[in-house]
Amino acid sequence: MRTNIRMSQFLEAVQPRARDEDVPDAFRSIVRAGWTTDGDAQLLAALRSGYSGGGRTEFDDAIHYEATVNGRGMMDYDLPTSGPERLEELLRRSLGYVCTGLLAVPPTLPWPMLGYVSLAAGGLEDDVLTAHVTFCSRRPDQLPYVGDVDAYTHEALLEVSQEEAVTLLGNGR
């Protein structure tokens, strides 16, 4: 796992785990619908079908198309608006979703997938911690979605590979 300093501090503060049962039902449904391709892009099928943009031609590369279509804010309406419980539950839900999504990637897809979790201030007044999760591929012929994780200072950021997802989900059970 690659993390920036802010995410490392969050992870130390709450000791989150990655478990399938922490994933909200709506996000489990997304994973159960599986993965598909759109040209050279690897997408979660449920999110591709709901994408209203113009498709792959809108983007310079497949990686940014994947990150856009596959990205979602983590459900948080049922959580307290602040405090360690919010942070811990957002991390658990997000890590669980990232890991289950990565484990569902079929071996037939040509490029390995990465999952990203970001935590940042959001809400109407930028005073509520929010989480965002996305998935995109790693390709030798394209710049990565995130090059230097430590360069991200406006949000806490975590990158998980498919191999790491196996370990994370296994340790959380």
Review point. If we sort 110-116, 88-94, 5-11 on the protection proxy, mean other Cβ atoms within 10 Å, highest first, what's the order?
Key: 88-94, 110-116, 5-11
Point to revise | Label-reachable residues, the range 108-142, where backbone N falls under 17 Å from a point 7 Å from Glu58's Cα toward its Cβ | key: 134-136
Practice item. Return the long-range amide H neighbours of Gly122 (sequence gap of 5 or more, or a different chain), with a cut-off of under 5 Å between placed amide H atoms. Key: Asp127, Val128, Leu129, Thr130
Check your understanding: Between the range 138-173 and the range 20-41, what's the alpha-carbon centroid distance in Å?
Key -> 18 Å
Check your understanding: From the residues Trp111, Ala121, Met74, which one has its Cα farthest along the dipole of the chain in the positive direction, the dipole being from +1 and -1 charges on Cβ of Lys/Arg and Asp/Glu about the Cα centre?
Key -> Trp111
Check your understanding: Could you work out the helix-only [θ] at 222 nm for the chain, with each DSSP H run of four or more residues adding -39,500 (n - 2.57) and the total divided by the number of residues, to the nearest 500 deg cm²/dmol?
Key -> -11000 deg cm²/dmol
Exercise for review: Would you grab the residues whose amide H sits under 5 Å from the one on Met74? Only those 5+ places off in sequence or on another chain, please, with H modelled 1.01 Å from N.
Suggested key: Ala131, His132, Val133
**Study point:** FRET efficiency, 1/(1 + (r/R0)^6) with R0 25 Å, evaluated for Leu103 and Gln15 via beta carbons
**Key:** 0.70
**Study point:** Degrees separating the helix 84-103 axis from the principal Cα axis of the chain, which is the longest one
**Key:** 20 degrees
Exercise for review: Report ³J(HN,Hα) in whole Hz for each residue of the range 3-11, in order, from the Karplus equation J = 6.51 cos²θ - 1.76 cosθ + 1.60 where θ = phi - 60°; Gly and Pro get x.
Suggested key: 9, 8, 4, 4, 5, 4, 5, 4, 5
**Study point:** Cβ-placed point charges (K, R +1; D, E -1), dipole of the chain about Cα centre in debye, nearest 20
**Key:** 540 debye
Exercise for review: Hey, can you grab everything whose amide H is under 5 Å from the amide H of Leu43? Only 5+ residues off in sequence or another chain; H modelled, so Pro and N-termini drop out.
Suggested key: Thr36, Thr37, Asp38
Practice item. Rank Pro106, Pro80, Pro140 by mean-square fluctuation in a GNM of the chain with C-alpha springs under 10 angstrom and give only the top-ranked residue. Key: Pro140
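Only the coordinates and a few stated rules stand behind these numbers; no lab work does. Computed from a prediction, not measured in an experiment: that's the story for all the values here. Cβ atoms come from the backbone with ideal geometry, glycine included; neighbour counts cover every protein chain shown.
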